[in-house]
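Written below as structure tokens is the structure these notes are about.
The values are calculated or read from the model by the stated rules, or taken from the named source; none is laboratory data. None of these values were measured; they are calculated from a predicted model. Cβ atoms come from the backbone with ideal geometry, glycine included; neighbour counts cover every protein chain shown.
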4 protein chains.
Amino acid sequence: MIIILKAGISRKQESAVLKEIRKRGYRPHVMRGVARTVIGAIGDELTHQSLETLAMMFPQLVESVMPVQKRYKLVSREAHPENSTVKVREHLIGGKKFQVMAGPCSVEGEKPLLKTAEAVKKAGATILRGGAFKPRTSPYEFQGLGERGLKMLAKARKETGLGIITELLSEQHAELVAEYTDIIQIGARNSQNFQLLIAAAKTGKPILLKRGLSMKIEEWLLAGEYILSNENAGLMFCERGIRTFETYTRNTLDLSTIPIIKKESHCPIVIDPSQGAGRADLVKSMCKGAVAMGADALLIEVHPNPAEAWSDGNQQVSLEIFAELMQELRPLILAAGRE
Amino acid sequence: MIIILKAGISRKQESAVLKEIRKRGYRPHVMRGVARTVIGAIGDELTHQSLETLAMMFPQLVESVMPVQKRYKLVSREAHPENSTVKVREHLIGGKKFQVMAGPCSVEGEKPLLKTAEAVKKAGATILRGGAFKPRTSPYEFQGLGERGLKMLAKARKETGLGIITELLSEQHAELVAEYTDIIQIGARNSQNFQLLIAAAKTGKPILLKRGLSMKIEEWLLAGEYILSNENAGLMFCERGIRTFETYTRNTLDLSTIPIIKKESHCPIVIDPSQGAGRADLVKSMCKGAVAMGADALLIEVHPNPAEAWSDGNQQVSLEIFAELMQELRPLILAAGRE
Amino acid sequence: MIIILKAGISRKQESAVLKEIRKRGYRPHVMRGVARTVIGAIGDELTHQSLETLAMMFPQLVESVMPVQKRYKLVSREAHPENSTVKVREHLIGGKKFQVMAGPCSVEGEKPLLKTAEAVKKAGATILRGGAFKPRTSPYEFQGLGERGLKMLAKARKETGLGIITELLSEQHAELVAEYTDIIQIGARNSQNFQLLIAAAKTGKPILLKRGLSMKIEEWLLAGEYILSNENAGLMFCERGIRTFETYTRNTLDLSTIPIIKKESHCPIVIDPSQGAGRADLVKSMCKGAVAMGADALLIEVHPNPAEAWSDGNQQVSLEIFAELMQELRPLILAAGRE
Amino acid sequence: MIIILKAGISRKQESAVLKEIRKRGYRPHVMRGVARTVIGAIGDELTHQSLETLAMMFPQLVESVMPVQKRYKLVSREAHPENSTVKVREHLIGGKKFQVMAGPCSVEGEKPLLKTAEAVKKAGATILRGGAFKPRTSPYEFQGLGERGLKMLAKARKETGLGIITELLSEQHAELVAEYTDIIQIGARNSQNFQLLIAAAKTGKPILLKRGLSMKIEEWLLAGEYILSNENAGLMFCERGIRTFETYTRNTLDLSTIPIIKKESHCPIVIDPSQGAGRADLVKSMCKGAVAMGADALLIEVHPNPAEAWSDGNQQVSLEIFAELMQELRPLILAAGRE
């Protein structure tokens, strides 16, 4: 920890601060600067009590306190310098091969799901997405088919061989959802619902952790730390747009998370352009950017008839547009050094 | 719903849109303007399928679609023109008397809790706050004393007569927490954890619903709608600061929520200045603003020794400062027409 | 400056960093911590070249660089521990007496301006606001009456004795505007138009500096530093709402700026609730909060017939509402210890 | 305009609103819905007085008022369905060929500028950037070499044949800057300094208009409208990152502006990844995304020795990195269908 003292402090006042630093188990190291005196407090910040409250304890003496160590460990690239990969059935996410997860926002019925599954597989996707439990802003909106939806996803997997990803909303459904799915998705609204993160981690299934609407990179990495520290190594980060002042798009997709997560962490990074913009007409362009910038996978909402979708119709692309998109991505995937 | 067509659409193209509007159960009403044709679609938006996907279904024809009705009902002032009040033991929140809830961020032990309870009661508070289950950004931080903490709160209530408010983090603890507390607090990170909202509502206890870090007013009202539509009338909204670009304070306390909630809803509004700024030195001023603007209650973090608090030491005020604050608030409470 | 090195650096690598620090005129001071080595670089940050580029010069060695000193001087409370006041004709802003500046968004004509001036004076305002040069988002909107508007303001001053505040938009108008006005207003969109700040400062007139739409406190203080360092001591800060994700209000009025500016600076702080919310129905409540929190003055948009205003009609209050407001503020002004 | 009335309004009350609508020159058209009555007001919104103040004029009757027409004309794709191009010496921006503008943040001297110019030209850039007038947050920071810097840019152009882009900060320098430069850059802080926009437009030089720190797409397009409506057709938009809650990067580069500007406008879109992230280590990745998403050009800060730059050293890349980057972009430029 670094403690910056206010200007014009006497040696006697200083010694009160030094005493407190020692009391908390750190070794203080004083540097007298031109305008300020700075104290370095030497000791492990992850195991000792924080010194951040010194500013409150000595409001007349201490200007500010700054931590030196990073707060996350297991998700950090320092802890694991190589890229880690997540295996989902026979597919590897985070490896050489670029992966695409696609399917409807909500599972609405067996037939349309199967039609979508076959179409996205044909176009090149390897994992089928679909919501069975849906978090909805209003209690009067469609909340998902629940277990019936999970069964439809399992059936689509059986018939097509695609892997399955679906969202977990409630600790009480962790076992149930894990029974059916290959990847558990944690949605943006639950990204700091730590009890849910722990429950999901304990199922042992791979976890796709979406970034919260106003989640800082550090908070996202720390939420991931909840997964890895609960002994589940199958963590993937998924950027899906943050909330800003802009109203043209529903969210602002932050593609800079791709190089940032690659730099700070060893875990794969997935981009969700559908939630990211909330507009189907921007999805293609977003996907191209994500591929070129080094994302490991895409998560795309696809619907056989978006205008009649039961939820988020404006952000789902049709089967035809999806097939086109996959064609257009091919040269970029190669140019980005992926397969 | 209002549908705005693009410029230069033929009558034949227009009729395709009209047909779809009728198919979804609305009666279309065409207005030909100077630059655009506008269609009013007459029908109940809360019971019919939304027309918002028309823009996607007819991307060449439809410019935009706008809803006319508000999405929330039970929380709205239209539904209940009088202020509603919430009874907590013998205290009424939302009535003539201004209420103060105060206590430590986390319950840390029986003795300091009791000391705090007695001090805040003496200064004029009627409800004791204290976290037993704590949501923490990092898995390596103190997570609360759990049921032991709840028992300490109950003991403090028994000895002082103060009501109790504490946070609920997990659906699985809803019964347990309800057994001990008088008010269930839903924290900012769980404000759109709808399963938790429903579980809390079903206990029948009064609910204090904090605003999420980047929650729009409409989303907050709709989250409240989850409480009222699950047959729990004891809803209070609590503003605790939103996330903005500013870094001087941890959050930006949005005091305009006081007149806004009073206008849109009948439910009480509570202000949390401690989370709101994340700085104890700003708490007094924030409280004064909240009182003058018509808040119904305050939720303040108070600790016998903030610099040694196990969590959020920088935002808790000391017992002395709290007593001073209560004195300073008195003339403002009277000037605002409260007791 | 504090330089944090990466983990696992050899002494030889370290010495390259030390050499560069010395080269730039700082004296390095090494502290070997548990997880990291930290270097304190001793020297005046305001006169030496910054060390912040060390992270780029040694990307494999340097984790981060943090400044120790504050970047602003003349506006800081350290530089001037007493509150400073600004004299506008016979009125003192920042003193014991609470001041109100009121008037139309735009000057629209002599008669309505005079009517407004008389009404706001009668209700207790001491300064008349009114825009003669208007910054408008679209080139097709009303841009103000220009010099004709300035002359009307001067006439209203002559007839009522009120002081005048009006906005300066262009360096080329600095002399012209200064000739007519008592206070020069710098608007939010020009808050980092440094050439305009310098031109305004050089007129010697008091300056009211609005906070930019997404301006951090530190940036605002530094913009104020442009005024004071150009030898104009008549600086007032004016909060008028920041841009956030919320869409219910046009801006989010950040009332926490009142205690913050009082803490960091000696200059007066003025609140503009009209721009702050963009909604006349919230103005009263905002004003009450501002008074209770210790603001020095209010800047309120008032119009004899808001619904017919040529600009921003939705945020201007009527003469009747303004008179009511002034009555309602009286007990709060007294409760806040002002006159 | 669309006017939504409150629930439960009598016909008599309604007629007062209708009368006012007619008075302002619109033809009202009433639609009685299930929950609300909606009035369509037919008339040209760009030439008639706005109806938005009806909500204030009749607060008990009018719920809200919504415009139907877009506020921008000349920049819109409706006005000019083909892409427009901007000619800078022999180079076309917005055409088939992808363009790169590169150079130092600030011009610091003749020698390093020339060295940079030669290096970026060799690597494939066609336009040289460099700041002679620098907007700085603090008055104590380096403000640029002024006209001396402009002369150095002109000399570098003469020796290399590169085009020149440099920032204009003051109306009073418009003629001077136009004399030396090929493109006038309007910076983010001046993006709504309308007097500067007009002065720049009147020089007749091509204008690169950066997006403001918290500028909505619509506001950006309207700022562009100030250029085109002052008879300067050489407008380019430049995204350089917006201000959000995230602190890992200095700004959040919003790459979704590429498809959005392409959809709404005919003008070229340029991406500035250096300001966008404020971190040189993210520049390469950002550039790749921009190319893949269809940007017309890049604006990149390059310095022979970034660690010793006089401004913004942390975001400038070295000559070597720039040459590498240009190599790596080549396959993506081809994959995106450009040259």
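Is one or more of the residues making up region C:138-148 touching a helix residue (DSSP H, G or I) at 6+ places or on another chain (Cβ under 9 Å), aromatic (Phe, Trp, Tyr), crowded, with 21+ Cβ neighbours inside 10 Å and under 26 Å from residue A:246 (Cβ atoms)?
no
Can you find a residue in region C:312-323 that is among the hydrophobic types (A, V, I, L, M, F, W, C), within 24 Å of residue C:201 (Cβ to Cβ), at the interface with chain D (Cβ under 10 Å from one of its Cβ atoms) and in contact (Cβ under 8 Å) with a residue 24 or more places away in the chain?
Within region C:312-323, not a single residue is among the hydrophobic types (A, V, I, L, M, F, W, C), within 24 Å of residue C:201 (Cβ to Cβ), at the interface with chain D (Cβ under 10 Å from one of its Cβ atoms) and in contact (Cβ under 8 Å) with a residue 24 or more places away in the chain.
Report the residue count in region D:278-301 for those that are within 13 Å of chain C (Cβ to nearest Cβ) and of a type in the set (A, V, I, L, M, F, W, C).
The number of residues fulfilling the criteria is 3.
Quickly run through region B:3-31 and pick out the residues that are under 18 Å from residue D:65 (Cα atoms) and at pLDDT below 85.
The one that is under 18 Å from residue D:65 (Cα atoms) and at pLDDT below 85: B:31.
Can you confirm whether residue B:139 is touching a residue at least 60 places away in the same chain (Cβ under 8 Å) and farther than 17 Å from residue B:107 by Cβ?
Spelling it out, it is not the case that residue B:139 is touching a residue at least 60 places away in the same chain (Cβ under 8 Å) and farther than 17 Å from residue B:107 by Cβ.
Check region D:163-173 and report whether any residue there is within 14 Å of chain C (Cβ to nearest Cβ), farther than 25 Å from residue A:254 by Cα, under 16 Å from the mean Cα position of the chain (by Cα) and among the aliphatic types (A, V, I, L, M). If you could, list the steps in order and put the result at the bottom.
Of region D:163-173, the ones within 14 Å of chain C (Cβ to nearest Cβ) are D:167-173.
With the extra rule that they be farther than 25 Å from residue A:254 by Cα, the set shrinks to D:167-173.
Of the ones still in play, those that are also under 16 Å from the mean Cα position of the chain (by Cα) are D:167-169.
With among the aliphatic types (A, V, I, L, M) added as a condition, the list becomes D:168-169.
Yes: region D:163-173 contains one or more residues that are within 14 Å of chain C (Cβ to nearest Cβ), farther than 25 Å from residue A:254 by Cα, under 16 Å from the mean Cα position of the chain (by Cα) and among the aliphatic types (A, V, I, L, M).
Free of Cβ contacts under 8 Å to residues at least 60 places away in the same chain and within 21 Å of residue C:37 (Cα to Cα) - does that describe any residue in region A:75-88?
yes
Could you check how many residues of region B:22-60 are among the aliphatic types (A, V, I, L, M) and either within 34 Å of the chain's Cα centre (by Cα) or within 12 Å of chain A (Cβ to nearest Cβ) (or both)?
As a first pass, look at region B:22-60 and keep what is among the aliphatic types (A, V, I, L, M): B:30-31, B:34-35, B:38-39, B:41-42, B:46, B:51, B:54-57.
Filter once more, so that each one left must be either within 34 Å of the chain's Cα centre (by Cα) or within 12 Å of chain A (Cβ to nearest Cβ) (or both): B:41-42, B:46, B:51, B:54-57.
Looking only at that region, the number is 8.
Of C:122, C:134, C:111, which residue is without any contact (Cβ under 8 Å) to a residue 12 or more places away in the chain, of a type outside the set (Ser, Thr, Tyr) and surrounded by fewer than 23 Cβ atoms within 10 Å (Cβ to Cβ)?
C:111
Only one of C:118, C:147, C:141 is under 19 Å from residue C:177 (Cα atoms) and among the acidic types (Asp, Glu). Can you tell me which?
C:147
If you scan region D:155-197, which residues turn out to be polar (S, T, N, Q), without any contact (Cβ under 8 Å) to a residue 12 or more places away in the chain and surrounded by fewer than 24 Cβ atoms within 10 Å (Cβ to Cβ)?
Scanning region D:155-197 gives a single hit, D:172.
May I ask you to list the residues in region C:224-237 that are farther than 21 Å from residue C:290 by Cβ and either within 9 Å of chain D (Cβ to nearest Cβ) or not in a loop (DSSP other than H, G, I, E, B) (or both)?
Selection gives C:225, C:226, C:227, C:228, C:229, C:230.
Working only within region B:296-327, note down all residues that are closer than 13 Å to residue B:100 by Cβ, out of contact with any Gly (no Cβ under 6 Å at 6 or more places or on another chain) and part of a helix (DSSP H, G or I).
B:322, B:323, B:325, B:327
Take the residues in region D:213-222 that are assigned to a helix (DSSP H, G or I) and within 8 Å of another protein chain (Cβ to nearest Cβ), then tell me which one is surrounded by the most Cβ atoms within 10 Å (Cβ to Cβ).
Among them, the one singled out is D:222.
Can you tell me which condition residue C:331 does not meet? The list is (1) part of a strand (DSSP E or B); (2) away from chain D (no Cβ under 13 Å), and all the others hold.
Failing condition for residue C:331: (1).
Residues in region A:180-212 that are away from chain B (no Cβ under 11 Å) and part of a helix (DSSP H, G or I): how many?
3
Here are some residues: A:133, A:142. Which one is closer than 24 Å to residue B:45 by Cβ, within 14 Å of another protein chain (Cβ to nearest Cβ) and aromatic (Phe, Trp, Tyr)?
From the options A:133, A:142, the qualifying one is A:142.
Filtering region B:238-250 down to residues that are over 19 Å from residue B:102 (Cβ atoms) and touching a helix residue (DSSP H, G or I) at 6+ places or on another chain (Cβ under 8 Å), which residue is farthest from the other protein chains (Cβ to nearest Cβ)?
Of region B:238-250, the ones over 19 Å from residue B:102 (Cβ atoms) are B:242-250.
Subsequent filtering for residues that are touching a helix residue (DSSP H, G or I) at 6+ places or on another chain (Cβ under 8 Å) retains B:246, B:248-250.
Working: B:246: 6, B:248: 4, B:249: 6, B:250: 11 Å.
So, considering only residues that are over 19 Å from residue B:102 (Cβ atoms) and touching a helix residue (DSSP H, G or I) at 6+ places or on another chain (Cβ under 8 Å), the one farthest from the other protein chains (Cβ to nearest Cβ) is B:250.
Output the number of residues of region C:254-268 satisfying the condition of being under 18 Å from residue C:298 (Cβ atoms), more than 7 Å from every other protein chain (Cβ to nearest Cβ) and surrounded by 24 or more Cβ atoms within 10 Å (Cβ to Cβ).
Here the count works out to 4.
Can you list the strands (runs of 3 or more DSSP E) lying wholly within region B:70-176 that have 3 or more residues being within 27 Å of residue B:280 (Cβ to Cβ)?
Result: B:99-103, B:127-129, B:163-167.
Only residues that are within 18 Å of the chain's Cα centre (by Cα), assigned to a loop (DSSP other than H, G, I, E, B) and modelled with pLDDT under 95: list them for region A:265-295, please.
The answer is A:278, and nothing else.
Quick one: residue C:77 ticks every box in (1) surrounded by fewer than 19 Cβ atoms within 10 Å (Cβ to Cβ); (2) more than 8 Å from every other protein chain (Cβ to nearest Cβ); (3) farther than 30 Å from residue C:126 by Cα except a single one, so which number is it?
(3)
Looking only at region A:113-144, count how many residues are more than 21 Å from the chain's Cα centre (by Cα) and at pLDDT 95 or above. Reasoning before the result, please.
Step one: list which residues in region A:113-144 are more than 21 Å from the chain's Cα centre (by Cα), which gives A:113-124, A:138-144.
Checking the rest, the ones that are also at pLDDT 95 or above come to A:113-124.
Number satisfying all stated conditions: 12.
How many residues are at pLDDT 80 or above and closer than 16 Å to residue D:314 by Cα if we restrict to region C:32-59?
3
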